[in-house]
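*Asks:* My questions all concern the structure below.
The values are calculated or read from the model by the stated rules, or taken from the named source; none is laboratory data. Given the structure is predicted, the values throughout are model-derived calculations rather than measurements. Cβ: placed from backbone, ideal geometry, glycine included. Neighbour counts: every protein chain shown. Accessible surface is based on the protein model in full, side chains and every heavy atom, while ligands, DNA and RNA are left aside. Shrake-Rupley method; radii C 1.70, N 1.55, O 1.52, S 1.80 Å.
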Number of protein chains: 2
Amino acid sequence: MQQILNGLRIVEGSAFIAAPSGGMTLAQLGAEVIRFDQIGGGIDYQRWPVTKECKSLYWHSLNKGKRSIAVDFRKPKGREILTRLITAPGENAGLFVTNFPARGWLDDQKLREKRDDLISVNLTGDRHGASALDYTVNSQIGLPYLTGPLKSDEPINNPFPAWDVLAGQQIAIALLAAERYRRLTGQGQLIKLALTDVALATMGHLGFIAETEVNGEARQSTGNYIFGTFGHDFVCKDRYRVMVVGVSLNQWNAIVSVTNCQTQVLALERELDLDFKQEGDRFLARERLKALFQPWFEERSFKEVKVALDKAHVCWGPYQTVDELVHKDPECSEANPLFNRIKQPGVGSYLVPSQPIHFSNLDRVPPKPAPLLGQHTDQILSEVLDMDSSEIGRLHDDGVVAGPSNN
Amino acid sequence: MQQILNGLRIVEGSAFIAAPSGGMTLAQLGAEVIRFDQIGGGIDYQRWPVTKECKSLYWHSLNKGKRSIAVDFRKPKGREILTRLITAPGENAGLFVTNFPARGWLDDQKLREKRDDLISVNLTGDRHGASALDYTVNSQIGLPYLTGPLKSDEPINNPFPAWDVLAGQQIAIALLAAERYRRLTGQGQLIKLALTDVALATMGHLGFIAETEVNGEARQSTGNYIFGTFGHDFVCKDRYRVMVVGVSLNQWNAIVSVTNCQTQVLALERELDLDFKQEGDRFLARERLKALFQPWFEERSFKEVKVALDKAHVCWGPYQTVDELVHKDPECSEANPLFNRIKQPGVGSYLVPSQPIHFSNLDRVPPKPAPLLGQHTDQILSEVLDMDSSEIGRLHDDGVVAGPSNN
């Protein structure tokens with residue numbers, strides 16, 4: 001990670017993927033992200049995958065580099081402390097992210113009474129405030145019917161929560177844009193973001209909606225073919241697979257050349273009256289083209305294919321299982337400066353990524369582990385809220401806050 | 001869109017999805033994004049989907065709200081003009097995004113000689129600079145083998161270019177973070193981002209890598225079940241489908257209650273010695289649970305299911321095709337302030353999304369269309385580079401620049 005946001009302080013009250021991943025992104029860019037949790041942990045503190053000791057690899061992965069304060073915010077005193085924390089003064093403070101319901105003690109008006117230039121991001125399921133999760137959003141916007149084998153009409157869910165992850169990045173963008181604006185104008189913002197809108201907007205930005213409206217026909221499933229150009233998976237002699245893509249003309253020519261299909265491709269072009277210099281024409285002939293190229297792959301082992309594709313500058317990727325990715329791919333190892341093997345207390349040592357963004361003028365430092373729940377409780381109460389040790393002691397005695405030993 | 005980044009100027013030289021979508025995000029947040037293109041358009045100017053008149057709905061969707069300058073940058077004079085544009089002075093200027101090879105006239109050192117506090121984002125395929133596309137990255141990181149029917153060992157590609165879209169958002173984050181840093185320290189940055197690293201980092205942030213390393217077993221495909229909790233699709237009497245999820249305890253109880261399965265669920269809990277208050281236990285029993293709930297859906301039409309699920313506060317979503325989304329879902333219409341129906345010159349009127357982020361203290365304005373290629377050539381040369389009309393005229397005469405009439 002790199003300290004480009006050094007000094008900026010963000011308070012986060014969150015669960016699940018989207019909001020925590022937004023805060024984690026900012027933490028890995030050097031911001032001080034203070035996560036508050038109910039004593040004992042919130043709703044996602046033990047989400048799967050978990051270790052044999054029931055430690056959540058999910059929670060620890062999404063909360064890397066944050067500081068943790070554990071507070072019983074069912075108690076009025078707990079709420080008061082967190083309100084003070086969220087609205088603490090300072091031009092680099094007063095930034096808050098939550099996907100909790102923004103009512104009661106988290107009502108924006110109430111918080112803004114304490115700090116009127118607060119920048120607050122409130123992530124909801126849909127824009128009406130109803131719950132929605134990545135999976136229910138994904139079914140709604142149409143992608144499961146575009147996924148999978150050509151002749152199936154069964155919807156296929158995405159195992160990767162793309163909308164959550166995307167919403168997390170948009171939270172980071174929103175905070176940085178609003179902080180810039182506040183720096184220039186003095187004005188804060190209540191920022192609203194709905195997961196459903198994240199997905200709907202993206203479907204528009206990628207042309208899916210325009211296509212349906214302007215051309216009068218929605219995108220149809222293309223199986224493992226890439227829409228609008230040439231790309232498909234190919235099976236090698238030893239059953240390993242590769243994804244091969246010809247988007248640019250150079251990429252396309254490389255496929256034709258490495259498979260020695262020049263003559264056949266030219267003949268096909270004439271037969272179908274198409275011009276394969278045009279991406280769209282390659283797409284139109286995709287099934288015939290795939291059939292032309294397939295034998296070359298079937299006659300060669302994955303290793304032979306790899307060497308030949310690399311030599312010919314084909315744009316391709318291997319199909320790997322997650323197991324192969326983690327155990328065999330050097331890009332997923334400390335050979336890639338994206339990763340460091342670090343120790344996560346209570347969980348173990350494993351390969352942890354930083355942000356993929358690299359800034360030339362800042363040092364690289366290894367990613368930090370997630371905090372223990374309540375690890376920074378006393379430190380935060382003292383440093384941010386100026387409490388002395390006897391006041392902090394009373395809060396512990398009254399069960400309002402907890403340190404790491406209580407978990 | 002909203003003008004929160006009003007005044008900030010970014011120059012973009014890009015193609016495909018990731019870099020253009022990063023610039024478009026900033027443009028929709030009110031930044032002045034100047035896109036330069038080769039006269040006649042770059043490699044992605046006619047990418048599918050296209051209209052009957054061969055206008056790319058893809059290009060126009062990804063370049064909304066930008067200004068366009070068309071320059072022949074194969075000519076030295078064209079390169080000189082673009083270098084001046086990229087490195088133009090001003091505390092709100094000097095930001096550059098590209099996924100073109102950062103060599104020759106775009107070599108960072110050369111640009112930095114003209115403006116040493118330049119903030120430049122350079123997106124590459126992999127971190128070694130080799131080409132990689134969303135599809136070849138996705139095959140590498142393991143998700144296609146986790147997608148699709150439980151008993152299949154065929155990889156299934158994602159029709160949604162998640163890594164590209166994510167990289168676009170990270171470009172926006174990188175620029176905003178670096179601009180903040182420059183404002184505070186005066187120092188610029190060369191920012192590098194590789195698409196492969198975007199995907200690898202995300203696999204780590206979501207716990208896939210930790211799971212494999214710490215637990216010694218990689219994630220297995222779960223078909224349409226959600227990993228680690230309860231969620232699956234259900235078929236209604238009229239063949240419509242719904243995605244139903246029980247992540248929180250309330251969500252879970254709502255499913256059990258609406259399907260009248262309390263007794264059977266309790267019996268199953270005892271039989272399997274599990275505690276369905278724990279998400280993980282619901283996941284362990286997922287197939288049995290799905291079988292318990294399915295009859296309730298099969299006996300009811302989609303409409304009846306919808307009414308009952310809403311009333312019971314179940315977290316659910318309909319499965320829709322893109323066609324149904326666009327034509328029947330009120331969320332994908334102007335009833336949702338995310339969307340405006342706007343006219344895209346040369347293409348038509350259609351539903352166009354803004355950014356899903358909403359800032360309370362700024363007016364909402366409708367999204368802007370994409371520019372015509374070269375639409376702002378003269379304006380940019382005059383306003384940003386201070387050229388007079390005779391100088392601009394000569395550049396046109398020499399074929400160095402072009403206005404919109406030349407396309």
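*Asks:* Looking at the structure I just gave you, is B:Phe302 of a type in the set (A, V, I, L, M, F, W, C), within 13 Å of chain A (Cβ to nearest Cβ), surrounded by 14 or more Cβ atoms within 10 Å (Cβ to Cβ) and within 21 Å of A:Arg127 (Cβ to Cβ)?
*Replies:* no
*Asks:* Which members of the range A:45-80 meet the condition of being touching a strand residue (DSSP E or B) at 6+ places or on another chain (Cβ under 8 Å) and open to solvent by 70 Å² or more (accessible area, probe 1.4 Å)?
*Replies:* A:Gln46, A:Arg74 - these are the residues of the range A:45-80 that are touching a strand residue (DSSP E or B) at 6+ places or on another chain (Cβ under 8 Å) and open to solvent by 70 Å² or more (accessible area, probe 1.4 Å).
*Asks:* Is one or more of the residues making up the range B:357-366 surrounded by 23 or more Cβ atoms within 10 Å (Cβ to Cβ) and modelled with pLDDT of 95 or more?
*Replies:* Yes: one or more hits.
*Asks:* Pairs only if they're at least six apart or on different chains, beta carbon under 8 angstrom, first in the range B:100-111 and of a type outside the set (Val, Ile, Thr), second surrounded by 12 or more Cβ atoms within 10 Å (Cβ to Cβ) and part of a helix (DSSP H, G or I); list them, first residue then second.
*Replies:* B:Phe100/B:Leu106; B:Ala102/B:Asp108; B:Trp105/B:Arg79; B:Trp105/B:Leu82; B:Trp105/B:Thr83; B:Lys110/B:Thr83; B:Leu111/B:Thr83; B:Leu111/B:Ile86
*Asks:* Is the range B:368-380 home to any residue that is touching a residue at least 24 places away in the same chain (Cβ under 8 Å), of a type in the set (Asp, Glu) and either buried (at least 16 other Cβ atoms within 10 Å of the Cβ) or farther than 30 Å from A:Val137 by Cβ (or both)?
*Replies:* Yes, the conditions are met somewhere in the range B:368-380.
*Asks:* Looking at B:Thr321 and the list (1) buried (at least 23 other Cβ atoms within 10 Å of the Cβ); (2) without any contact (Cβ under 8 Å) to a residue 24 or more places away in the chain, which single condition is not satisfied?
*Replies:* B:Thr321 satisfies all of (1) buried (at least 23 other Cβ atoms within 10 Å of the Cβ); (2) without any contact (Cβ under 8 Å) to a residue 24 or more places away in the chain except (1).
*Asks:* Mind checking which residues of the range A:89-116 are open to solvent by 20 Å² or more (accessible area, probe 1.4 Å), among the polar types (S, T, N, Q) and within 21 Å of A:Asp164 (Cβ to Cβ)?
*Replies:* Of everything in the range A:89-116, just one residue is open to solvent by 20 Å² or more (accessible area, probe 1.4 Å), among the polar types (S, T, N, Q) and within 21 Å of A:Asp164 (Cβ to Cβ), namely A:Asn99.
*Asks:* Of the conditions (1) over 23 Å from the mean Cα position of the chain (by Cα); (2) farther than 30 Å from A:Ala31 by Cβ; (3) not aromatic (Phe, Trp, Tyr), B:Gly188 fails just one. Which one is it?
*Replies:* (2)
*Asks:* List the residue pairs whose Cβ atoms are under 7 Å apart, where the first residue sits in the range A:135-159 and is under 17 Å from B:Val245 (Cα atoms) and among the β-branched types (Val, Ile, Thr), the second is at pLDDT 95 or above and open to solvent by 30 Å² or more (accessible area, probe 1.4 Å), and the two are 6 or more positions apart or on different chains.
*Replies:* Pairs found: A:Thr136/B:Trp316.
*Asks:* While we're here: Looking at the range B:290-391, what helices (runs of 4 or more DSSP H) fall wholly within it and have at least 3 residues that are under 21 Å from the mean Cα position of the chain (by Cα)? Show your work before the answer.
*Replies:* Numbers: elements: B:302-311, B:322-328, B:377-383.
Of the helices (runs of 4 or more DSSP H) lying wholly inside the range B:290-391, those with at least 3 residues that are under 21 Å from the mean Cα position of the chain (by Cα) span B:322-328.
*Asks:* Turning to a different aspect of this structure: What tally of residues in the range B:337-361 results from selecting those that are facing another protein chain (nearest Cβ under 7 Å) and without any contact (Cβ under 8 Å) to a residue 12 or more places away in the chain?
*Replies:* 3
*Asks:* Taking the range B:208-247 as the region of interest, how many residues are more than 7 Å from chain A (Cβ to nearest Cβ) and not β-branched (Val, Ile, Thr)?
*Replies:* Going through the range B:208-247 one residue at a time, the tally reaches 15.
*Asks:* With the structure loaded, tell me whether A:Lys52 is of a type in the set (Lys, Arg), more than 25 Å from A:Leu195 (Cβ to Cβ) and in contact with a Lys or Arg (Cβ under 9 Å, 6 or more places away or on another chain) or whether it fails that test.
*Replies:* On the way: of a type in the set (Lys, Arg): yes; more than 25 Å from A:Leu195 (Cβ to Cβ): yes; in contact with a Lys or Arg (Cβ under 9 Å, 6 or more places away or on another chain): no.
Against the criterion (of a type in the set (Lys, Arg), more than 25 Å from A:Leu195 (Cβ to Cβ) and in contact with a Lys or Arg (Cβ under 9 Å, 6 or more places away or on another chain)), A:Lys52 does not qualify.
*Asks:* Kindly establish whether B:Arg394 is more than 22 Å from the chain's Cα centre (by Cα) and modelled with pLDDT of 95 or more.
*Replies:* yes
*Asks:* Then there's this: Of (1) open to solvent by less than 20 Å² (accessible area, probe 1.4 Å); (2) more than 7 Å from chain B (Cβ to nearest Cβ), A:Gly142 satisfies all except one. Which?
*Replies:* Every listed condition holds for A:Gly142 apart from (2).
*Asks:* Listed residues A:Leu268, A:Leu289; which is under 22 Å from B:Pro159 (Cα atoms) and touching a residue at least 24 places away in the same chain (Cβ under 8 Å)?
*Replies:* Answer to the selection: A:Leu289.
For (1) within 7 Å of chain B (Cβ to nearest Cβ); (2) under 22 Å from the mean Cα position of the chain (by Cα); (3) open to solvent by less than 10 Å² (accessible area, probe 1.4 Å), each residue gets a yes or a no:
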residue	(1), (2), (3)
A:Leu118	no, no, yes
A:Val121	no, yes, yes
A:Thr136	yes, yes, yes
A:Gly148	yes, no, yes
A:Lys151	no, no, no
A:Pro155	yes, no, yes
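*Asks:* In this structure, is B:Ile86 more than 22 Å from B:Lys343 (Cβ to Cβ) and modelled with pLDDT under 95?
*Replies:* no
*Asks:* Just checking, does the range A:225-235 include any residue being over 30 Å from B:Gln320 (Cβ atoms) and touching a residue at least 12 places away in the same chain (Cβ under 8 Å)?
*Replies:* Let us first name the residues in the range A:225-235 that are over 30 Å from B:Gln320 (Cβ atoms), namely A:234-235.
Next cut, touching a residue at least 12 places away in the same chain (Cβ under 8 Å) only: A:234-235.
Checking the range A:225-235: at least one residue is over 30 Å from B:Gln320 (Cβ atoms) and touching a residue at least 12 places away in the same chain (Cβ under 8 Å).
*Asks:* Collect the residues in the range A:164-204 that are within 7 Å of another protein chain (Cβ to nearest Cβ) and open to solvent by 20 Å² or more (accessible area, probe 1.4 Å), keeping them in residue-number order.
*Replies:* Across the range A:164-204, the qualifying residues are A:Tyr181, A:Gln187, A:Leu190, A:Lys192.
*Asks:* Additional query: I'd like to know if the range A:206-216 contains one or more residues that are open to solvent by less than 40 Å² (accessible area, probe 1.4 Å), among the hydroxyl-bearing types (Ser, Thr, Tyr) and part of a helix (DSSP H, G or I).
*Replies:* yes
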